[in-house]
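Report on the following structure.
A short reminder: the numbers here are calculations on the coordinates, not readings from a lab. Here the structure is a predicted model, which is why all the values come from computation and not from measurement. We place every Cβ from the backbone using ideal geometry, glycine too, and count neighbours over all the protein chains shown.
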Amino acid sequence: MNLRTDIILFLAASLFLLFSACGSGEALDSEGLAFTGSASEQFTRASQLYYRGRLTAAMEEFNGVIYRYPDSPFASDARLALRRVESDLNGQELQGNTTSDPVVNASIAVVGKPGVNTSILSVGSALRNLGAGVTEITDDQAPEFTVVFYSEGYGDAASIVADSLDRWLSHPEGITPRAGDELIGSVASGYDVLVIVGSDAVFTSSF
């Protein structure tokens, strides 16, 4: 029996128990939760907590069924229920650890020699995903090394770009953005940030 089938059976059993408890006039506490005087009552209470989204409390009650009533048929159901609760808790933790990509509010020129055109397009596409307006430019006179320049007032945007390049590239390491109003004015006039993609740019496999 796979986990999906197990979960479906657990949910069906829990609903049955909940409806049975309500219909039999089983004693409830001030929160409307079943008391824990028996294996069935504690399993019902744990199921109620689960459906209310109180996962940690539900896990404690299911564990209580297992350890207090190891010979009860409800103990095996509680073990199955714990698998579901732990899965849900792990999912919440992963969501909590997920951070969204920063947003770059700047117009960016991505420049490089024709020989690195594929890299230029890759960087441009990735920066668009961060919300930037991007133009890719090939220039025979572009430098051979990767660097980021910014116009006055766009240092923060350039820092985000540089940090992103650090994640996307395994080399070079530690790209530091530099002020470059005059250079941007001559190479890519009207843009806020200039990204030069050199032949030294080596992308990570996850890029």
Practice task
Report the convex hull volume per residue for segment 120-207, counting only C-alpha atoms, in Å³.
Solution key: 88
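Expected output is a single nm value to one decimal: the length gained when fully extending between residue 178 and residue 128, i.e. 0.36 nm times separation in residues minus the C-alpha distance. What is it?
Residue separation times 0.36 nm, minus the Cα-Cα distance, leaves 15.9 nm.
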Practice task
Compute the FRET efficiency between residue 88 and residue 141 as 1/(1 + (r/R0)^6), taking r as their Cβ-Cβ distance and R0 = 45 Å, and round to the nearest 0.05.
Solution key: 0.20
Exercise for the section: Quick one: work out the % antiparallel among DSSP beta bridges in segment 107-203, nearest 5. Expected result: 35
